[in-house]
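*Asks:* Dropping the structure in here first, questions after.
The values are calculated or read from the model by the stated rules, or taken from the named source; none is laboratory data. In this text, all values refer to a predicted model and were calculated from it rather than measured experimentally. FYI the Cβ positions are ideal-geometry reconstructions off the backbone, even for glycines, and counts take in every protein chain you see.
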Amino acid sequence: MPSHCILILLDGLGDRSFSCLGYKTPLQAAHTPHLDTLARIGANGLFHADRPGMALPSENAHFSLFGYELDEFPGRGALESLGAGVEISVDDVAVLAHLASVKVKDNTLILQKGRPDASSDVISALIQDIFYYEYEEIKFCFKHTSGLNGILILKGTVSPYFTDSDPVLEGNCLIEIQPLQDFEKDLAAIKTVRALKKYLIWCHKKLSGNQANSIKNSRGAVPINALVTQRPGRLKTVQSFKNRWGFKGLSISSGLIYWGLSAFLGIDVMKARETDNIEGDFAERLKLAMESKNKYDFIHVHTKAPDVAAHTKNPYAKIAAIEALDRGLGKIIDSLLNDKESLIIITSDHSTPSSGKLVHSGEPVPLLIVGEGVRRDSIKSFDEVNCAGGSLGFVHGKEFMYLVLNYLDRAKLTGLMDTPVDQAFWPGETKPFRLDL
Ligand SMILES: [Zn+2]
């Protein structure tokens with residue numbers, strides 16, 4: 001039986017069908033001999049991290065995939081803070097925030113460009129103007145992370161229960177900040193909303209008058225004159241991945257959100273190289289996983305490439321990214337095929353449509369599991385349509401981690417109580433029975 005699991009996660013892999021591809025998805029249309037080889041020797045199925053049709057961001061989908069519930073989720077802002085090494089306390093609120101270009105119309109702000117082009121010098125000059133603010137004893141601190149992006153940390157008597165100001169879609173109005181329905185009378189939420197609105201208006205004024213924008217305007221470029229916010233959150237205490245599933249975990253990934261999520265769950269991180277070479281970066285991550293497999297029970301090998309390609313809304317770009325990943329997989333396929341100790345799982349966190357206005361979409365993603373003892377079905381091609389006919393059926397959310405426990409011979413027979421906590425894995429860290437009283 002395999003002793004550990006290597007989860008190869010191809011972010012945003014699922015997609016829709018395109019007439020220009022003969023009504024195939026980019027994954028169906030891509031030439032993927034190595035993924036197909038694994039599909040032929042394993043069990044295949046579909047996966048959705050929550051309910052089919054729900055469009056999930058990577059952080060929520062991963063959270064569910066790793067076997068956690070939505071009410072344990074601390075918010076993306078809080079996770080990115082952890083990933084960036086920004087210290088926040090459990091009383092602080094962390095909000096995702098980024099600089100954007102807006103136009104004033106009838107006393108509202110229209111999102112002109114969500115992420116306009118800007119040099120790092122211009123971005124630094126703009127952030128210098130807005131990085132700190134105080135209103136009614138609430139302190140705002142904007143921590144820059146990358147490009148136009150950052151995390152807004154709120155300190156004081158603050159609440160994370162309020163709406164976004166970022167409409168996401170260009171041409172739409174920025175959204176009024178309001179307390180969430182259940183917190184309309186909550187004093188902390190009311191105060192937070194009032195102070196955040198003041199801060200965002202102040203940011204708009206400061207950024208509009210910034211010298212860097214005057215230079216941009218004179219060159220005909222859109223100004224960067226607003227800060228928009230979304231997905232507030234706050235740190236919580238959750239059971240570690242090791243205590244919940246009995247696995248020592250490792251994530252080989254790039255990106256603050258994966259590092260933050262791992263830090264939150266007590267999963268070790270190996271920060272991976274990220275260049276324009278999708279094939280080379282992916283092959284290196286897989287090689288690192290194979291080198292680490294004897295030190296960990298569960299290794300998450302992540303690539304953002306399919307998701308990034310799909311966000312360009314070009315299905316051919318996604319095909320190219322998928323084919324590059326398949327070539328990267330080809331560099332270690334022989335060692336994977338000869339490896340009796342590893343359970344190999346390939347899936348994705350969500351679908352990212354290469355057309356239309358949705359950021360992510362709700363179709364399920366393909367799932368394949370290969371390893372000693374795993375049933376082999378008749379599926380010959382790893383894609384969204386063929387895998388639907390596979391022996392795994394449709395796997396939802398937390399069911400995924402139970403499958404991993406099962407295939408690693410770590411699933412507890414329901415009813416056995418070897419520890420005071422009714423945990424899913426077996427054997428637990430048991431206390432020996434002693435003869436002395
Ligand atoms: Zn995405």
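*Asks:* Of all residues in region 255-271 being closer than 24 Å to Leu336 by Cα and touching a residue at least 24 places away in the same chain (Cβ under 8 Å), which is surrounded by the fewest Cβ atoms within 10 Å (Cβ to Cβ)?
*Replies:* Asp268
*Asks:* Can you pull out the residues in region 3-52 that are under 22 Å from the mean Cα position of the chain (by Cα) and under 22 Å from Arg410 (Cβ atoms)?
*Replies:* Within region 3-52, Cys5, Ile6, Leu7, Ile8, Leu9, Gly45, Phe47, Ala49 qualify.
*Asks:* Being out of contact with any Gly (no Cβ under 8 Å at 6 or more places or on another chain), of a type in the set (A, V, I, L, M) and within 16 Å of the ligand (Cβ to nearest atom): is that true of Leu38 here? Before the answer, list the steps.
*Replies:* Numbers: out of contact with any Gly (no Cβ under 8 Å at 6 or more places or on another chain): yes; of a type in the set (A, V, I, L, M): yes; within 16 Å of the ligand (Cβ to nearest atom): no.
Criteria not met by Leu38.
*Asks:* Could you tell me which residue of region 1-27 is surrounded by the most Cβ atoms within 10 Å (Cβ to Cβ), considering only residues that are among the small types (Gly, Ala, Ser) and more than 16 Å from the ligand (Cβ to nearest atom)? Steps first, please.
*Replies:* From region 1-27, those among the small types (Gly, Ala, Ser) are 3, 12, 14, 17, 19, 22; that's our starting set.
Imposing the further condition that a residue be more than 16 Å from the ligand (Cβ to nearest atom) reduces the set to 3, 17, 19, 22.
Working: Ser3: 14, Ser17: 16, Ser19: 7, Gly22: 9.
Step by step, filter region 1-27, then rank; the result is Ser17.
*Asks:* Something else: Right, Lys139: surrounded by 17 or more Cβ atoms within 10 Å (Cβ to Cβ), of a type outside the set (A, V, I, L, M, F, W, C) and outside any loop (DSSP other than H, G, I, E, B) or not?
*Replies:* So Lys139 fails the test.
*Asks:* Being within 27 Å of the chain's Cα centre (by Cα) and surrounded by fewer than 22 Cβ atoms within 10 Å (Cβ to Cβ) is the requirement here; does Leu180 meet it?
*Replies:* yes
*Asks:* Follow-up. If I filter region 108-136 down to residues being in contact with a helix residue (DSSP H, G or I) (Cβ under 9 Å, 6 or more places away or on another chain) and in a strand (DSSP E or B), which single residue comes out as surrounded by the most Cβ atoms within 10 Å (Cβ to Cβ)?
*Replies:* Step by step, filter region 108-136, then rank; the result is Leu109.
*Asks:* Identify, please: which residue in region 54-109 is more than 28 Å from Ser208 (Cα to Cα) and polar (S, T, N, Q) and is, among those, farthest from the ligand (Cβ to nearest atom)?
*Replies:* Filtering region 54-109 for residues that are more than 28 Å from Ser208 (Cα to Cα) and polar (S, T, N, Q), the one farthest from the ligand (Cβ to nearest atom) comes out as Ser89.
*Asks:* Sticking with this one: Residues in region 155-169: is at least one modelled with pLDDT under 95 and at negative phi?
*Replies:* yes
*Asks:* Restricting to helices (runs of 4 or more DSSP H) lying wholly in region 1-87: which have 2 or more residues that are closer than 21 Å to Phe241 by Cβ, in contact (Cβ under 8 Å) with a residue 24 or more places away in the chain and out of contact with any Lys or Arg (no Cβ under 9 Å at 6 or more places or on another chain)? So that I can check it myself, show each step before the final result.
*Replies:* On the way: elements: 26-29, 33-40, 58-65, 76-84.
Result: 58-65, 76-84.
Listed here are the residues, each with its yes/no results for (1) within 17 Å of the chain's Cα centre (by Cα); (2) crowded, with 17+ Cβ neighbours inside 10 Å; (3) farther than 22 Å from Ala29 by Cα.
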site	(1), (2), (3)
Asp281	no, yes, yes
Lys295	no, no, yes
Lys304	yes, yes, no
Lys318	no, yes, no
Arg375	no, no, yes
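*Asks:* Out of (1) of a type in the set (Lys, Arg); (2) assigned to a helix (DSSP H, G or I); (3) farther than 24 Å from Ile41 by Cβ; (4) more than 16 Å from the ligand (Cβ to nearest atom), the odd one out for Lys318 is which?
*Replies:* Unmet condition: (4).
*Asks:* To continue, here is another question. I'd like to check which helices (runs of 4 or more DSSP H) are fully inside region 181-257 and have at least 3 residues that are over 30 Å from Ile267 (Cβ atoms).
*Replies:* Passing ranges, in order: 187-208, 211-218.
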